[in-house]
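Below is one structure, written out as structure tokens; the observations come after it.
Values quoted throughout were computed directly from the atomic coordinates according to the rules given, and no laboratory measurement underlies them. Being a predicted model, the structure only gives us computed values, none of them experimental. All Cβ positions, glycine included, derive from the backbone under ideal geometry; neighbour counts span all protein chains shown.
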Amino acid sequence: MVSDITVLSTGGTIASTKDSSGDGASPSKEGAELVEAVPAVSAHGEVSTREVTQVPSFDMSLDGVAAIGDAAAAAAEAGADGIVVTHGTDTMEESAYGLDLTRDLTPPVVFTGAQRRPDEHSADGAANLLTAVRAASHEQFRGAGGVYVAFDAELHAARDVTKGHTSALGTFRSPDAGPVASVPREGLRLHRSPGSRSDTLPVDRTDADVAIVTSAAGVGRRAMDAALEAGVDGIVVEGTGLGNTTAAIGDAIADAVRAGVPVVVASRCQGGSTAPVYGTGGGGQTLVDHGAVQAGALPAQKARLKLAFLCAAGHTSPAAVAERF
């Protein structure tokens, strides 16, 4: 069976070249150019391309994430068997998770990109794009849905994956969970069942403002107070260990919840989950007693996305937020 694969291009390193004037690199190649540079993709289906945006992913907006979701939904409605999104690596995990949260699509959506530009030695974009097309068109994933990141011959679930190294080619990893599949040259090897790892939220609005505040040794409440004064809709606190903060931040969390601003506490650790164990001013149990919600295994950047969608839909009470987390 011939697969219909749609490639959605959004910019990123995979599409970037260095400016001839000597300025920094920026996205310049369209999706069609990326596909044409990898003739082997044609062996895995009929491939079409569409430009969604052309930005470095460190400047990807929530509106951009929504636009990718709209384009993926349109491709699915047009009959695509698989969807590939070329994207920068800096925020790839966020865009992928945003789709996994807000779209319940039948074809698999596979994000990919590059750590090295196409005009650099040993560029990795072509190999990653081929991996993504192979996964998106594979019979094990056809009809299973879910959103993934394909990189360095591995396929990771959007909910679990994170960028773990600034420049290494094997940058993406899924702490605790591991990859869903390996995609070596001889075929696809499944490690876990395909499909979404996220409960779909019935909203994709992006007009909520959610701040991230990080706790570390000696950090006071200034950033929390500034967020509250700015009128944010919600706050995600990136705590230490099991989801603890300084006592000063703990007091500010209590003030935020009393003011009706939902607070979610994540951990800055890459592996493990938050747990309400400790008392004292900033211990996890104290924060829960204040009305903060724990993020579980979600890192702060993904917890922020989830809270933003909930706030946009008006689900801001501690009970409503806790139910979704």
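Of Ala223, Ala132, Ala76, which is the most mobile in a GNM of the chain whose springs link Cα atoms less than 10 angstrom apart?
Answer for the Gaussian network model of the chain: Ala223.
Per residue of the chain, what 222 nm ellipticity follows from adding -39500 (n - 2.57) for every DSSP H run with n ≥ 4, rounded to the nearest 500?
Working: 9 runs with 93 residues, N = 325.
Roughly -8500 deg cm²/dmol at 222 nm, from the helical runs in the chain.
Along the charge dipole of the chain, which of His87, Thr13, Ile235 sits closest to the positive end, that is, farthest toward it, with unit charges on the beta carbon of Lys, Arg, Asp and Glu (+1, +1, -1, -1)?
Of the candidates, Ile235 comes out farthest on the positive side.
Using only the alpha-carbon atoms of the chain as identical scatterers, what base-10 log of I(q)/I(0) does the Debye formula give at q = 0.06, 0.08 Å⁻¹?
For the requested q values the scattering log ratios are -0.21, -0.38.
Report, in whole Å, the centroid distance computed from the Cα atoms of the range 262-292 and the range 15-78.
38 Å
Label 7 Å along Cα→Cβ of Thr17; the range 102-132 residues with amide nitrogen under 11 Å?
118-120
How large are Rg and Dmax for the range 210-324 when only the alpha carbon atoms are used, in Å?
12.2, 35
Could you please report the charge total around Gly146, scoring K, R as +1 and D, E as -1 over all other residues with beta-carbon less than 11 angstrom from its beta-carbon?
+2
Run the reach check for Lys29 against lysines, Cα to Cα strictly under 20 Å, same-chain hits fewer than 8 apart removed. What comes back?
Filter leaves Lys18.
How many angstrom lie between the Cα centre of the range 138-190 and the Cα centre of the range 219-242?
32 Å
Percent antiparallel among DSSP beta bridges with both residues in the range 151-253, to the nearest 5?
60 percent
Checking the cross-link filter: which lysines have an alpha carbon closer than 28 Å to that of Lys306, excluding same-chain neighbours under 8 positions apart?
Here the lysines satisfying the reach criterion relative to Lys306 are Lys163.
So if each residue of separation counts as 0.36 nm, and I subtract the Cα-Cα distance between Ser273 and Gln140, what length gain in nm does that give?
Length gained between Ser273 and Gln140: 44.9 nm.
Suppose a student asked you for the relative contact order of the chain, using Cα pairs under 8 Å spaced at least 6 residues apart; what percent would you report? If you can, show how the numbers build up before the last one.
Working: 787 pairs, mean separation 42.5, N = 325.
RCO, the chain: 13 percent.
The range 4-190: percent of C-alpha pairs farther apart than 28 Å?
I get 13 percent for the Cα pairs in the range 4-190 exceeding 28 Å.
Using the basic label-point model (7 angstrom from Cα toward the beta carbon), what is the Asp70 to Thr166 distance in nanometres?
For the pair Asp70/Thr166, the computed spacing is 3.6 nm.
With a point put 7 Å past each Cα toward its Cβ, work out how far Leu188 is from Glu46 in nm, to one decimal.
Once both label points are built, they end up 2.0 nm from each other.
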